[in-house]
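To start, the structure under review is shown below, and the notes come after it.
What follows is calculated from the coordinates using simple rules that are stated; it is not laboratory data. Given the structure is predicted, the values throughout are model-derived calculations rather than measurements. When we count neighbours, we look across all protein chains shown, and the Cβ atoms used for this are built from the backbone with ideal geometry, even at glycine.
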Amino acid sequence: MWVIGSSLAGYLYLFLHLVLHVPVTLLWWFWSVGLDGTHIFGTALRTYFDRDARSRDQRLLYGSLLVFFSLGPLLVLAGLKGPLAIFVGTWAYYHVIRQHYGFLMLYKVKNRDLAPRDNWIDSLFLMVMLVAPPFHRFFVHSPHELGLPQRIALASVPGFEPLMWAGVAAVAAAYAARTYSRIRLGQSLNVPKMLLLAGVVPLHWLTFAYMSWQAAVPTVTIVHNLQYHALIWFHNRNKYAAGGAAGLRFGWLPKTAGTSLAWYALAAILFSLSYRVPGFHLGRGSDLAFGFFCGFGLTHYYLDSKIWRVRHDPSLRQSLRLE
């Protein structure tokens with residue numbers, strides 16, 4: 001319901017903005033404080049607030065804080081605030097794609113859908129179908145929406161756009177042909193995988209067809225946030241459920257917020273408010289503050305690429321019930 005059905009939240013945002021004309025600012029604040037900042041708390045809960053994780057991964061956790069909370073201010077001091085914003089936005093979008101890819105692979109593992117040909121075509125289809133929509137909008141037609149010179153628009157390059165569309169069509173045709181081939185051979189279809197793709201791929205095409213980045217960011221990211229909360233809650237409930245001293249060895253907050261949905265929601269909202277609101281107001285008045293508060297997102301993106309590697313972490317496989 002939450003991993004696949006979360007795409008409905010993105011379609012709701014499309015409806016609210018395009019049909020009911022709800023202001024972007026209202027949609028942005030609800031998403032930013034209520035879902036995006038809170039999902040970063042989810043990462044913090046199983047890393048910085050987890051006593052075992054702090055002890056085991058000191059270099060990773062504290063090194064990440066040092067690097068990424070320094071990177072933003074250093075780039076601002078170097079006069080690179082614009083490139084910093086584009087870098088953060090690009091990594092954020094890649095982070096969303098990687099999570100969809102992660103769930104795609106989890107569904108493939110759970111459903112024994114691991115033929116090399118299918119792994120290759122599934123990965124290619126997902127990446128092309130999620131990268132092409134923003135690329136087409138911002139780099140083929142409207143780089144000015146990102147603050148880039150309009151002269152770099154690739155639509156002015158003869159033959160580039162038809163070539164891009166031909167590539168997208170070829171990937172879609174290859175995916176359809178492989179699916180049809182499996183049906184003809186009597187092979188079972190991986191329904192959860194296909195439902196996941198059917199939810200997120202059209203959403204990204206519709207979003208970037210009708211929305212610039214200010215409205216597109218919460219629309220595509222809200223899906224990612226809900227998926228992440230579902231994954232974190234499932235992980236934490238399994239990991240921190242032990243009673244007595246065994247459960248408390250991770251720390252009071254992981255034990256409490258990891259097993260009580262009400263405590264999890266309250267702690268996540270307080271965490272989000274504590275940095276999103278001051279980050280917004282201070283970032284508007286100070287470029288250095290903007291660079292500093294970018295550290296929250298950058299640290300999250302980096303840590304998230306390290307802490308979910310189920311292949312190399314037996315305890316994580318156990319917490320996710322993948323053994």
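The fraction of all Cα pairs in region 156-197 landing in successive 5 Å bins from 0 to the largest distance is 5, 20, 17, 19, 13, 9, 8, 5, 3, 1, given as whole percents. Over region 90-152, one equal point on each Cα, no solvent: what is log10 I(q)/I(0) by the Debye formula at q = 0.15, 0.27, 0.29 Å⁻¹? Log-scaled intensity ratios, in q order: -0.57, -1.11, -1.18. Looking at the chain as a GNM with Cα springs under 10 Å, which of A257, A92, A155 has the largest mean-square fluctuation? Residue with maximal mean-square fluctuation among A257, A92, A155: A155. If you run the Gaussian network model on the chain, springs between alpha carbon atoms under 10 Å, then out of G102, G63, G291 the most flexible one is G63.
Give me H300, H281, H312 ranked fewest to most by other Cβ atoms within 10 Å of their Cβ, as a rough exposure proxy.
Ascending number of Cβ neighbours within 10 Å: H312, H281, H300.
Please report the orientation-averaged projected area of the chain, defined via the convex hull of its C-alpha atoms, in nm². Mean projected area for the chain: 18.6 nm², to one decimal. Between S274 and Q214, the simple spin-label model (points 7 angstrom out along Cα→Cβ) gives 3.1 nm.
Based on DSSP H segments of at least four residues, each scored -39500 (n - 2.57), the chain has a per-residue ellipticity at 222 nm of -24500 deg cm²/dmol.
Within the listed set V76, V109, V128, the Gaussian network model of the chain (springs between alpha-carbon atoms below 10 Å) gives the highest mean-square fluctuation for V109.
A crude spin-label estimate for the pair L248 and A169, with each label 7 Å from Cα along the Cβ direction, gives 6.7 nm.
With the convex hull constructed from alpha-carbon coordinates only, region 217-323 shows a mean projected area of 8.2 nm² over all directions.
Derived from the Cα gyration tensor, the three semi-axes of the equivalent ellipsoid of region 64-120 are 37, 12, 8 Å, largest first.
Applying 0.36 nm per residue to the separation of F30 and T179 and subtracting their alpha-carbon distance, the gain on full extension is 49.8 nm. Sorting the Cα pairs of region 108-229 by distance into bins of 5 Å, from 0 upward, gives 2, 9, 16, 20, 17, 14, 11, 7, 3, 1, 0 percent per bin. Whole-Hz Karplus values for region 87-101 come out as 4, 4, x, 5, 5, 4, 5, 4, 4, 5, 4, 4, 5, 4, 5 Hz, taken residue by residue from phi with 6.51 cos²θ - 1.76 cosθ + 1.60 and θ = phi - 60°; glycine and proline positions read x.
Rounded to the nearest Hz, the phi-derived 3J(HN,Hα) couplings of region 217-228 under the Karplus curve 6.51 cos²θ - 1.76 cosθ + 1.60 (θ = phi - 60°) are 4, x, 5, 8, 7, 4, 5, 4, 4, 5, 4, 5, where x marks glycine and proline. Applying 1/(1 + (r/R0)^6) with r as the Cβ-Cβ distance of A198 and R311 and R0 = 41 angstrom yields a FRET efficiency of 0.90. The label-point distance for S55 and R237, in a model that sets each label 7 Å from Cα toward Cβ, rounds to 2.8 nm.
Based on the reciprocal of the average 1/r between different C-alpha atoms, the Kirkwood radius for region 39-152 equals 17.5 Å. With 0.36 nm allotted per residue and the present C-alpha distance subtracted, the L154-R284 stretch has 43.6 nm of extension available. In sequence order, region 105-119 has phi-based couplings of 5, 4, 5, 5, 5, 5, 10, 6, 9, 10, 4, x, 5, 5, 4 Hz under the Karplus curve 6.51 cos²θ - 1.76 cosθ + 1.60, θ = phi - 60°, and Gly or Pro positions carry x.
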